[in-house]
Each structure stands twice: as structure tokens, then as C-alpha cells.
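Structure first, commentary second.
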Amino acid sequence: MFRLIRKSEPAPVKPDVILDLSGPRLRRALENLIESAEPTGGVERYVGALALKASLFEEILGKGRVSDMEEAEFLDLASFITPVRRRIGPWLGENRFETLRRRIAALLEGWSDLETTDARLAAFTGSFPEDRAHRWVRDLGAEILHFTAPDRYPLMTRWVWDRGVGTGVLREIWFAEDVDTARIDAADDYATFATLSGELEDFLKDNGFFRDLPFYGDLLMAHVYAGYINDRGGQYLRSDFTTAGDPMAHTRRMLGLDAVNTETGRTRLKLIDGTAHVLGEPRQVAQMEPS
């Protein structure tokens, strides 16, 4: 059913990037993740869902197909990106889809050259207004890169690490007695995210995980940040999260795995007229959300 990644090719990183991560924090997070996921099918089911999400992105954007992407297909993708699905409808109501498609094509042009990652992502975000109303653009670009080529691009969203405000998964797993006051001098660039991804994959290997490591890493990071949301009341994406008894509810939402009503095909993405976007085709992706 799922086209899983069997082998991860670690991306080259700058040797001077050093991240001081806490082994005990990571172990506690992994143990809690395994326990929390068990009632809804276990961590393997969530990894399968992420692999299916990646297959959807590759189907629409991979191998140069981005130039043929239709608006409905893009809305299918955006439905699975939590910060984007609340905002893209109004944006498209005021802008031409062709403009967005052209910018995404530029982001993916030369995708195999990792040395241009930061420049392409900066150009993509810089093509939109640089204000709070458009902070979702960074997450859109980051998820497009990662889920189109998860073996090459780490997940570089703001919730993983945002140097500007000093929040993200990186802080929650940092080695410090008081992480709230710790000074983390790490850029939010490709080298930092790739180093973080590599260290998480090493940690997962040490704990018995050897396949589909990019997705296991995504899941672990999302669960770490979901814990932050639960503890702090959710300063990030607050309007997207509600109190829930399910310990995996916020984890699913961080990764966009709660996007589709499996009975109706309606997604959480709202169009400019207030109606819900319906998944374009009856792909297996409609069965993505573990429940």
C-alpha cells in the first residue's frame, strides 16, 4: 500500500555545525511516542501515512511535473500542510494561481543541487510580502522540498527551528538545565536542519530503527513539539490546535495527517467562499489519518 523509503542517503552538511542535543530528552520523547501511538496503530502506521503523503507530493511535483500542476492538485497538497491550509484560500482569492505555480517551479528547479537550497528557499519566501500574514510561506516551501524528496531535504519548517523567535523542536531537545533561557546560536539554514536530521537518524539507529528514517525523524520531532504545545498552551499555530484527550492529536496535526474526513473527502482547507476543499481524486491519501 505504501511506497516507503528503504534507504536514506544522508545529505552533506557543513562540518562546523554542532548541535548540543540531549540524549535523555530524546529517549523520553521516543518512549512517549511509542506508548502514545500504540492505541491508533503504532508508530509504523504513522510512518506509513507520512510515506503516503510524500508519494502524493512526488506524484504532483516530482520529475518536472510541477509545470503541469493544476490548482485543485495544489490544494490537495496544501491540505496536508497545517500552517498553509488556513491561509492559502484567501491568498488565492486575491492572486493568480499561475503566480504561485511559477514560484514553486523556481523553488524546485535544480532540486538536486543541495548547495543552492538556502538561496532557492529564500527566493521563494522573498517573493511574498515579508510580514506575519505570510509566515506560512516558509512552511509551504519547506514541506514541498522535504516531501517531494525526503531522502535529500530535511524538514525545515518554523516549528522545527525558528531562529528569529528562538522556538522549535531544537530548543525542546537542547542539552541545558533550563532550555527556556538557553542561548542557541544555530542558524535556521539547510546545514543546521541537515545536521539535526542526521543526528536524529543516528539516535533512531541506536534505538533499533533502520528504515524510513526521514519519516521516523519527522514523527519524533512532531511529537516533541506537540508536547510543547500541550505544556505551553500552543503559542505557535494556536488557532489550529484545541484541547484533546488523544495524545497523538497534536502530533498528527503538526504533520498535516488530520487533513481529510475519510467519509466525505472534505479537507480542513477552507476556500475563499468558506467552503471546505474536497480532495480531488479518490487517492489512498484519503485514508491517511491514523485513527
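A short reminder: the numbers here are calculations on the coordinates, not readings from a lab. All of these numbers come straight from a predicted model, not from anything done at the bench. Note: ideal-geometry Cβ built from the backbone for every residue, glycine included; neighbour counts use all protein chains shown.
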>> Relative contact order of the chain, please, whole-number percent, based on alpha carbon pairs below 8 angstrom and at least 6 residues apart.
In response: 29
> Taking neighbour Cβ counts within 10 Å as the exposure measure, how do ILE184, ILE104, ILE34 sort from fewest upward?
Replying inline: ILE34, ILE184, ILE104
>> For a test of the definition: using alpha carbon positions, the gyration tensor, and the 1.5 limit on a/c, classify the stretch 125-169 as rounded, prolate or oblate.
In response: oblate
> Taking neighbour counts of Cβ atoms within 10 Å as a proxy for exposure, in what order, fewest first, do SER112, SER79, SER22 appear?
Replying inline: SER112, SER22, SER79
> Tell me, what ³J(HN,Hα) does each residue in the stretch 86-102 have, in order and in whole Hz, if you take phi through Karplus 6.51 cos²θ - 1.76 cosθ + 1.60 with θ = phi - 60° and put x for Gly and Pro?
Replying inline: 7, 10, 6, x, x, 5, 5, x, 10, 9, 7, 4, 4, 4, 5, 4, 5
> Hey, fewest Cβ within 10 Å first, where do SER36, SER67, SER197 land in order?
Replying inline: SER67, SER36, SER197
>> Quick query: amide H of THR167 versus all other amide H atoms, modeled in the peptide plane; which residues come in under 5 Å with a sequence gap of 5 or more or a different chain?
In response: ASP162
> Which ³J(HN,Hα) values in Hz, rounded to whole numbers, follow from the phi angles of the stretch 199-211 under the Karplus curve 6.51 cos²θ - 1.76 cosθ + 1.60, where θ = phi - 60° and Gly and Pro get x?
Replying inline: 5, 5, 5, 4, 4, 5, 4, 5, 10, x, 10, 10, 10
> In whole Hz, what ³J(HN,Hα) sequence does the stretch 135-144 give by Karplus (6.51, -1.76, 1.60; θ = phi - 60°), x for Gly and Pro?
Replying inline: 5, 5, 4, 4, 5, 4, x, 5, 6, 4
> 222 nm [θ] for the chain, helices only, -39500 (n - 2.57) per DSSP H run of 4+, per residue, to 500?
Replying inline: -14000 deg cm²/dmol
